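Notes follow the structure.
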Amino acid sequence: MLKKLLFAIILILDFPYLFAQDALDNCSQLVKQNMETLASDEYLGREATTEGGEMAATYITQKLQEYNIKPFGEDNSYYQYFDVNVSGLEKTSSMILLNGNDSLQTKLEFGKDFILLLIGANSADIQLGETEIVYVGYGITAPEYNYDDYEGLDVKGKAVLMTLGEPYSENDNFFNGKQTSQYENPFSKISNANSKGAAAMVLFCSPEVLMMWDMLISQAANKQVNLAGDISKNQSFDFPPIIILNQESTKNLLEGENLNYEKISEIKNKGEIPSSFTLNKKMELDVQSFTDNDKCKNILGIIEGNDPVLKNEYIVIGGHYDHVGVTNGQVYNGADDNASGTVAVMEIGRMLQESKSNKRSIIVALWDGEEKGLLGSTYFVNSVDYLNKITASVNHDMVGRGSSDTLYVLGSDRASTEFHELVNSVNDNTVKFYLNYFLNNPNNNFYNASDHAPFAQKKIPVVFFNDYMLSDLHKPSDDFDKINYEKICKTVQLTYQLALEIANRESKFVIDK
């Protein structure tokens, strides 16, 4: 009798762990089913404000209901709606290259031969008549290094063509030597050209650009979506159009000029500094845009806590369900980005709901509009009246590729050392990932590029799990046949145990000063 009693006590004490092991037997099958649905061509790339996004939201909410996860959105629904402004460029937008005698050389097609980034000018049509083009090297003005690519040049009202990167140096006192400086950032180049009065900026199509060509096309050719009513959240700037040509168009532009495509590439590869010059060719630009108003929607469910007091505090387990849609007839299915995080969050929610062993309440959140600028998570943290009751947020964005033994981790040490130590401790006691903190640097582009960032800005402890997949990022090739389901399920187990540890601790995390 005593043995039976002891056995029963052990079962009760270890129930969450035993449940997790049992539930994980079903993880791969359930995750795969949800993945192959959400990342199928039928869902049209799940772009925010589109039919594909609507279909994805419907599927996810049906599953949450099937998992008995209660709705936590508006009017007893799963949805938290928010207004957005939608804008974009018409496919008829074009760019014309003129020879030195003003004869037509070629007409470039938007979304194929060139792409156009409009920052702060999405709602405006742009017509540039015959415009001179000036090659400005790296496009850098750095007084502290006695360096200025614009020296002796007047580019006001002209288009500037610039090379990405910065002068190579092994001298730490010149552009930080082998380390990149602030002038490497394309935004710095764009701001500098803008200050010189440039009418347009053309980025040299280097190998770095070509690697991201599919991603750039999907971002530039698709709709731009911004939160309505608050310019400060949308980072609105007033910049001239930014033009990126494909390789063939770049070669055509530079053919017969002082420096051609190959020569400029050679100069950069040798670490030399290219000379600035005015091209013989000129350009014309005709851009038509559209604007509209629409709505996006976050998906919110809740696993209520079982403690009468602590249930009024929350842990947010989230990931974004939107992707980039369809470009030039190709569906960007976004299996890893971010159907992987979506199905992981759905499975974590299912397991937690079945376990019912959390004292604090756990919000299951699938964000909309992440690909448009973290819109859903930004709206959430600026609109809910229980923000100060949120203990922590765990973000899953791309967790289905790469080794089953490694997971990239960002942000866990940003607000609370205590929380950071818990993340490592839970991992050590469960799935034993090698947690790679290589990207955990505020100067890294990944650091603030996902839905943990709005929470971190509010001093809420966060952790961002990621696989650092670059090969198929924002490409039509990001399909479910490349997904590592073992890795997703290990991530599911890690977050499941982490959520319970957070939910059942006595107090909130100590926030570092």
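Each reported figure results from applying straightforward, stated rules to the coordinates on display, with no laboratory input. Note that the structure is predicted; figures quoted are calculated from it, not measured. Reconstructed Cβ throughout: ideal geometry from the backbone, glycine too, with neighbour counts over all protein chains shown.
Below are the figures for this structure:
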{"read-out": "Prolate/oblate/rounded call for region 91-287, Cα gyration tensor, a/c under 1.5 rounded", "value": "oblate"}
{"read-out": "Table column - 3J(HN,Hα) (Hz), region 471-478, Karplus curve with 6.51, -1.76, 1.60, x for Gly and Pro", "value": "4, 10, 4, 6, 10, x, 7, 7"}
{"read-out": "FRET efficiency estimate (nearest 0.05) - Cβ-Cβ, Asn445 to Glu354, R0 51 angstrom", "value": "0.85"}
{"read-out": "Three-way shape call for region 337-407 based on the alpha-carbon gyration tensor, with the a/c threshold at 1.5", "value": "oblate"}
{"read-out": "Using a Förster distance of 25 Å, the FRET efficiency for Gln179-Tyr434 (Cβ separation, nearest 0.05)", "value": "0.45"}
{"read-out": "Diffusion coefficient, µm² s⁻¹, Stokes-Einstein with Kirkwood Rh over alpha-carbon pairs of region 426-505 at 25 °C and 0.890 mPa s", "value": "166"}
{"read-out": "Chymotrypsin sites (Phe, Trp or Tyr not before Pro) within region 335-429: DSSP coil, no more than 15 neighbouring Cβ in 10 Å", "value": "Tyr386"}
{"read-out": "10 Å beta-carbon shell around Asn176, net charge (K/R +1, D/E -1)", "value": "-2"}
{"read-out": "Residues whose placed amide H lies under 5 Å from that of Ala198, excluding near-sequence neighbours", "value": "Gly157"}
{"read-out": "Rounded Å value of the spacing that divides the Cα centres of region 245-291 and region 383-418", "value": "42"}
{"read-out": "Under Karplus coefficients 6.51, -1.76 and 1.60, residue-wise ³J(HN,Hα) of region 448-453 in Hz, glycine/proline x", "value": "10, 9, 8, 6, 6, 4"}
{"read-out": "HN-Hα J in Hz across region 505-513 - Karplus 6.51, -1.76, 1.60, θ = phi - 60°, x for Gly and Pro", "value": "6, 6, 9, 5, 6, 6, 8, 5, 7"}
{"read-out": "Interchain or long-range residues, amide H under 5 Å from His323's placed H", "value": "Glu47, Ala48"}
{"read-out": "Extension reserve of the Asp83-Asn26 stretch, reckoned as 0.36 nm per residue once the Cα distance is removed", "value": "16.7 nm"}
{"read-out": "At least 27 Å along the helix axis (C-alpha) and Kyte average at least 1.6, DSSP helices within the chain", "value": "none"}
{"read-out": "Too-long pairs where the Cα-Cα distance tops 20 Å, listed order kept, from Lys158/Lys270; Lys112/Lys251; Lys70/Lys311", "value": "Lys158/Lys270"}
{"read-out": "Sparsely packed GluC sites (Glu not before Pro) within region 96-191, loop by DSSP, other Cβ within 10 Å at most 12", "value": "Glu151, Glu170"}
{"read-out": "Inter-part distance where region 66-89 and region 295-354 are each reduced to a Cα centre, Å", "value": "12"}
{"read-out": "FRET efficiency for Lys263 and Lys482, using Cβ-Cβ distance with R0 set to 45 Å, rounded to 0.05", "value": "0.70"}
{"read-out": "D_trans [Stokes-Einstein, Kirkwood Rh over alpha-carbon pairs] for the chain, 4 °C, 1.567 mPa s, µm² s⁻¹", "value": "52"}
{"read-out": "Estimated D of region 370-423 in µm² per second, where Rh is the Kirkwood radius over Cα pairs and Stokes-Einstein applies at 25 °C, 0.890 mPa s", "value": "179"}
{"read-out": "Cut-off under 5 Å, modelled amide H: who pairs with Ser93 long-range", "value": "Gln288"}
{"read-out": "Ser40 paired with Val309, simple spin-label distance in nm, labels 7 Å along Cα-to-beta-carbon", "value": "5.0"}
{"read-out": "Mean residue ellipticity (222 nm) of the chain, computed from DSSP H runs ≥ 4 via -39,500 (n - 2.57), nearest 500", "value": "-9500 deg cm²/dmol"}
